[in-house]
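Novice: Quick one: the structure is below, questions incoming.
The values are calculated or read from the model by the stated rules, or taken from the named source; none is laboratory data. Since this is a predicted model, take the numbers as computed values, not measurements. Here Cβ is always computed from backbone atoms with ideal geometry, including for glycine, and neighbour counts include all displayed protein chains. To get the accessible areas, we keep the full protein, side chains included, count just its heavy atoms, and leave off ligands, DNA and RNA. Shrake-Rupley method; radii C 1.70, N 1.55, O 1.52, S 1.80 Å.
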Amino acid sequence: MQTFNHLITTRPHEVRQVFISDLHLSPEEPALVQAFLALLDDCLALPVLKRLFILGDWFEVWIGDDAYLTLSDDARQTHWLTPLIAKLKQLRINGCEILVMHGNRDFLLGQPFCNLFGGELIDEPHMLTIGQQHYRLEHGDALCTDDKKYQFFRKIMRNRLTQWYLLNKSLKKRLAIAEKMRQKSQQNNANKAAHIMDVNDEAVIQAVANSDALLHGHTHRPDIHQATTDKKRYVLGDWRLLNKDTRKPTVNAVIGVMITNAHSDSNKANFELVEFSSLV
């Protein structure tokens, strides 16, 4: 796997699509926010970039679009999301589609927020053709079928009635509920065996049955796996703050890129995982 300090060094005239996941952005982790802004700067410098995919857990917690949309103009000027929205909007103006998928942390994210920068909320799974290959994109938590308790919780939280109930509570109550759920999730995960929180092999085989490859995040275990004898499973990485107690902390992430040779047609595209590193 190649490592780059900036995405634009990966043959800028050949990068057509970028795939990221599990950023877990929040005001409590400004380094991750700055790293994402750095990635957007790099994306803005890619002359033929056509799509940016954010495959879930873009935010550490999302309690509803109205948490930002109801802010006054003055409050928005100093809000941590505003620079992010501005860069995404410029990326869209440049002709790059921005496609966002729900994760297990930000399932209340809605199209109204995405409209601020011209993005599109996409359903899971999402089918994508890259060259002559058909890829299935998803966040990845639905593949962790060995974790029965989580799958039951996921089914409840993805229910529209549950989401309507949550979104009709006050922002203060939603924030308290989200914090309680987050703490409970951390406690539960601490007591689970590692294999339970990873994908189930049979679930992967079923997921990739009608595709040539599977691409997901969620597990925070970036790698390339042989899903079947002729199909691969690509796992995007979470965004991690490294060496945070030193003078040169960095944010590291394994992201996906679709490369098309500048001298060939789009049918000869290749998908690659690369390591993106941003000095904070």
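Novice: Got at least one residue in the stretch 64-79 being among the polar types (S, T, N, Q) and open to solvent by less than 60 Å² (accessible area, probe 1.4 Å)?
Specialist: Checking the stretch 64-79: not a single residue is among the polar types (S, T, N, Q) and open to solvent by less than 60 Å² (accessible area, probe 1.4 Å).
Novice: Identify all residues within the stretch 39-57 that are hydrophobic (A, V, I, L, M, F, W, C) and in contact with a helix residue (DSSP H, G or I) (Cβ under 9 Å, 6 or more places away or on another chain); write none if there are none.
Specialist: Leu39, Leu40, Cys43, Leu44, Ala45, Leu46, Leu49, Leu52
Novice: Further question: Quick one: is Ile255 closer than 25 Å to Arg11 by Cβ, touching a strand residue (DSSP E or B) at 6+ places or on another chain (Cβ under 8 Å), open to solvent by 50 Å² or more (accessible area, probe 1.4 Å) and in contact (Cβ under 8 Å) with a residue 40 or more places away in the chain?
Specialist: Here the answer is no, as Ile255 does not meet what is asked.
Novice: Return the total of residues in the stretch 214-243 being exposed (fewer than 14 other Cβ atoms within 10 Å of the Cβ), in contact with a Ser or Thr (Cβ under 9 Å, 6 or more places away or on another chain) and not in a loop (DSSP other than H, G, I, E, B).
Specialist: So the answer is 1.
Novice: Is it true that Leu128 is in contact with a helix residue (DSSP H, G or I) (Cβ under 8 Å, 6 or more places away or on another chain) and hydrophobic (A, V, I, L, M, F, W, C)?
Specialist: Judged against the criteria, Leu128 is not a match.
Novice: Would you say Ile205 is surrounded by 13 or more Cβ atoms within 10 Å (Cβ to Cβ), β-branched (Val, Ile, Thr) and under 23 Å from Asp147 (Cβ atoms)?
Specialist: yes
Novice: Does any residue of the stretch 251-259 turn out to be in a loop (DSSP other than H, G, I, E, B) and not acidic (Asp, Glu)?
Specialist: No, there is no match, as no residue in the stretch 251-259 is in a loop (DSSP other than H, G, I, E, B) and not acidic (Asp, Glu).
Novice: Right, here's the next one. Given the structure, is Ser211 over 25 Å from Pro47 (Cβ atoms), out of contact with any Gly (no Cβ under 7 Å at 6 or more places or on another chain) and either assigned to a loop (DSSP other than H, G, I, E, B) or in contact (Cβ under 8 Å) with a residue 60 or more places away in the chain (or both)?
Specialist: When the stated conditions are applied, Ser211 passes them.
Novice: Turning to a different aspect of this structure: If you go through the stretch 184-201, how many residues are closer than 13 Å to Tyr150 by Cα and surrounded by 11 or more Cβ atoms within 10 Å (Cβ to Cβ)?
Specialist: Qualifying residue count, the stretch 184-201: 9.
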